[in-house]
Amino acid sequence: MTRLVVAALGLILGSLPLHAETIQVTIDKFAFVPAQINAKVGDTIEWVNKDMVQHTATVEGGWDVLIPAAASAKMIVKTPEEVEFFCRFHPNMRGRLVAKAR
Amino acid sequence: MLIRTTAALALLTLASTVSLAQTTKPSDPQIAHIAYTADVIDIEAANLAISKSRNSEVIAFARDMVRDHEAVNKQALALVKKLNVTPEENDTSKSLSKAAADQRKALSALDGAAFDKAYIQNEVAFHKQVNGALKTLLIPSATNSELKSLLETGLKMFEGHQQHAEQVAAKLK
């Protein structure tokens, strides 16, 4: 019983985003700034779009975030990965996410 | 089939024969008119594609074009108003409009996959052409810094659209 509680507690704690940070990535004049994001699992990436058109941050076969014009969108980093992302509407906009385990 | 191929070729030829090179530097009011005209042309072509195409990828691309170019034109109009500049029609914007009208006519005669292919190929060619004009003529000639900056942002957008159109074109083959 005690073991079960400890295990359950461990699971809960393990899934909590301890000291998780929010990292801002600005989109201005059709460019991601910074173009390379270093994050840890559990961190939040806030995409701040300063352009007058909508963009996406998309990984081929992976995640896809729509960022409306002059607005922002958030996503939580879920898995450790090193991926290239781009905007589906403007594939010349590119960036790289390096996400490490916490 | 031969007729369709010929029509598609005619479209491509039209796109390449309109020269955006001018011997004299265009003024800011002329540049504003050229940029605005290029945006309107792309919106009109996109609206034709939305009404004619049955290909979801092509329609989605056309909707992206309408949304982006309308947003940029809104910003361009706000800027010319702020700067108190009246866009001035000129030979370049006139020849652009004329070529676009001919292209729309040729496109209207096509249907189905032939239409999709011709529309997307024309989008690649048109954006390439405008990119060249922005880089070599319009941006270097613009004297107002805000107009120059908007054109530079416009170039990034047109380059993005060209790549997007190339991706869609590759899928149509």
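The values are calculated or read from the model by the stated rules, or taken from the named source; none is laboratory data. These numbers come from a predicted model, not from an experiment. For the accessible areas, the whole protein counts, side chains as well, though only heavy atoms, and no ligand, DNA or RNA atoms are used. Shrake-Rupley method; radii C 1.70, N 1.55, O 1.52, S 1.80 Å.
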How big is the convex hull of the Cα atoms of segment A:36-102, per residue, in Å³? 72
Rank these residues by their accessible area, most exposed first, probe 1.4 Å: A:Asp51, A:Asp64. A:Asp64, A:Asp51
Along its three principal axes, how long is segment B:50-145 when you only count alpha carbons? Whole Å, largest extent first please. 44, 25, 21
Give me the angle, in degrees from 0 to 90, between the Cα long axis of helix B:2-17 and the longest principal axis of the Cα atoms of chain B, rounded to the nearest 10. 10
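Quick one: pull the percent of accessible area on the protein assembly as shown belonging to carbon and sulfur, 1.4 Å probe, ligands and nucleic acids left out.
Details: 8320 of 14460 Å².
Ligands and nucleic acids excluded, carbon and sulfur give 58 percent.
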Over all pairs of distinct alpha carbons, what does the Kirkwood formula give as the hydrodynamic radius of the protein assembly as shown, in Å? 20.8
How big is the B-A contact in terms of buried accessible area, both chains counted, 1.4 Å probe, rounded to the nearest 100 Å²? 1200
For chain B, what does the equivalent ellipsoid look like in terms of its semi-axes, each the square root of 5 times an eigenvalue of the Cα gyration tensor, given largest first in whole Å? 29, 17, 13
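Accessible area per residue for segment B:28-172 in Å², computed with a 1.4 Å probe and the full protein assembly in place, what is it?
Each residue of segment B:28-172 exposes 44 Å² on average to a 1.4 Å probe.
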Please list, ordered by chain and number, the residues whose modelled amide H lies under 5 Å from the amide H of A:Arg96; skip anything fewer than 5 residues away on the same chain. A:Gln36, A:Ile37, A:Phe85
Backbone HN-Hα couplings from phi across segment B:125-139 [Karplus 6.51/-1.76/1.60, Hz, Gly and Pro as x]: 5, 5, 5, 4, 5, 5, 4, x, 5, 4, 5, 8, 10, 5, 5
Have a look at segment A:69-102 and report residues whose accessible surface goes down by 10 Å² or more when the remaining protein chains are included, against the chain on its own, probe 1.4 Å, ligands and DNA/RNA excluded. A:Arg88, A:Phe89, A:His90, A:Pro91, A:Asn92
Which residues qualify? For A:Ser72, with a placed amide H closer than 5 Å and at least 5 residues away or on another chain, they are A:Asn49
